[in-house]
Amino acid sequence: VTSPCKILKCNSEFWAATSGSHHLGTEEAPEFCTALRAYAHCTRRTARTCRGDLAYHSAVHGIDDLMDQHNCSKDGPTSQPRLRTFPPGDSQERSDSPEICHYEKSFHKHSAAPNYTHCGLFGDPHLRTFTDTFQTCKVQGAWPLIDNNYLNVQVTNTPVLPGSAATATSKLTIIFKSFQECVDQKVYQAEMDELPAAFADGSKNGGDKHGANSLKITEKVSGQHIEIQAKYIGTTIVVRQVGRYLTFAVRMPEEVVNAVEDRDSQGLYLCLRGCPLNQQIDFQTIRSAQATEGRARRKGPSLPAPPEAFTYETATAKCREKLPVEDLYFQSCVFDLLTTGDVNFMLAAYYAFEDVKMLHSNKDKLHLYERTRDLAPGNTAPSGTPPALWVALLCLSQCWLGLL
């Protein structure tokens, strides 16, 4: 509410001025271009205070695209046009919008049921991609999770402790783009200790369009758990605050995941492509660090112990309370307790797996196990045996905390 960035005001003025413009003939193009120029002028006025705002950058790119599509000149009048009303004869078209705004009814009326995929981000941070690849990443700062024709999701990760390589998600921004008769553009933002049950403009649905209720926010636990249903694209998003940090999980049809105009030139987004190699925490490197640290212990004094009283044994015992299967969610829990000393990371791993159970369409893929270079393709580490990398993880945690 107090943010100096006024991009939402620019957005609302433009959508109010052009509501229903896609129904108008070509003779209305000059008036639409006038609204676009006014929109561009508004974004320039707030550019300095919006530099780090994903909604602002989305609006700027959207304006350029619309100007190209409508052959609008950047020079010309910028006075706001009158508010639009839907022209006569439009009511019959709009009466069909509930079906248009239901993904399974509209996109797959005469075809097979859609294939749903899942992506999640939690903890220190751990990423499960749409292709069920599991990674532990550094990714400090702002990173795109999702970027397609329907929505953008960006996360900001900050160090858990000053000077530590361990990071966690402290801010989340979701932009739902305006879509046909269904929803206006909506922005959802959450930060540490602030998990709203409404979009940034105070609304809880998709706006004033006929199918607005195809986008809804539901508060499950006040200040801790919200769910966003976007039925018009068959998507469910779960956002939680666990301890000080946020977790994210999404269920999305594969068709929506891949809905990008130019896939080859599309930039990185983590849920689809995973973390860049230089941002991944590679367990082979960790094992090398273990050997290096072992030599250092033989040659000199040992590194200081973590300030928190978690050892490998106490961390595994704590994680088994909520995660009895020793899969990658269990491993992530132990890793996070050793690197942060914060028991809330155990809950983050637990809730991340609960969200997988709710959102993943393939119940045979709920549990994932660490794949190592020593295993043949298709094999996975057995769930009943503690993985060999635990000593390396403990070493890494002590190395990080010893540098503080």
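For this structure, a couple of remarks:
- Tally of residues being modelled with pLDDT under 85, open to solvent by less than 50 Å² (accessible area, probe 1.4 Å) and in contact with a Gly (Cβ under 9 Å, 6 or more places away or on another chain) across the stretch 24-78: 0
- Test: residue in the stretch 141-151 that is among the charged types (D, E, K, R) and over 23 Å from Val242 (Cβ atoms): yes
- Strands (runs of 3 or more DSSP E) within the stretch 104-164 that include 3 or more residues hydrophobic (A, V, I, L, M, F, W, C): 116-122, 141-147, 151-159
- Test result for Glu326, modelled with pLDDT of 90 or more, open to solvent by less than 60 Å² (accessible area, probe 1.4 Å) and over 24 Å from Thr236 (Cβ atoms): yes
- Output for the stretch 329-345, where each listed residue is buried (at least 24 other Cβ atoms within 10 Å of the Cβ) and closer than 18 Å to Ala249 by Cβ: Tyr329, Phe330, Ser332, Cys333, Asp336, Phe345
- Of Lys318, Lys357, all but one fail to be at pLDDT 90 or above, open to solvent by 10 Å² or more (accessible area, probe 1.4 Å) and in contact with a helix residue (DSSP H, G or I) (Cβ under 7 Å, 6 or more places away or on another chain); the exception is Lys318.
- Residues of the stretch 229-256 classified as open to solvent by 10 Å² or more (accessible area, probe 1.4 Å) and in a helix (DSSP H, G or I), total: 3
- Boolean, Arg94 is within 29 Å of Leu8 (Cα to Cα), in a helix (DSSP H, G or I) and modelled with pLDDT under 80: yes
- Filter result for the condition that a residue is polar (S, T, N, Q), open to solvent by 30 Å² or more (accessible area, probe 1.4 Å) and over 12 Å from the mean Cα position of the chain (by Cα), over Gln180, Gln154: Gln180
The values are calculated or read from the model by the stated rules, or taken from the named source; none is laboratory data. This structure is a prediction, so every number in the text was calculated from the model and none was measured. Virtual Cβ from ideal backbone geometry, glycine too; neighbours counted across all protein chains shown. With ligands, DNA and RNA removed, areas are computed over all heavy atoms of the protein, side chains included. Shrake-Rupley method; radii C 1.70, N 1.55, O 1.52, S 1.80 Å.
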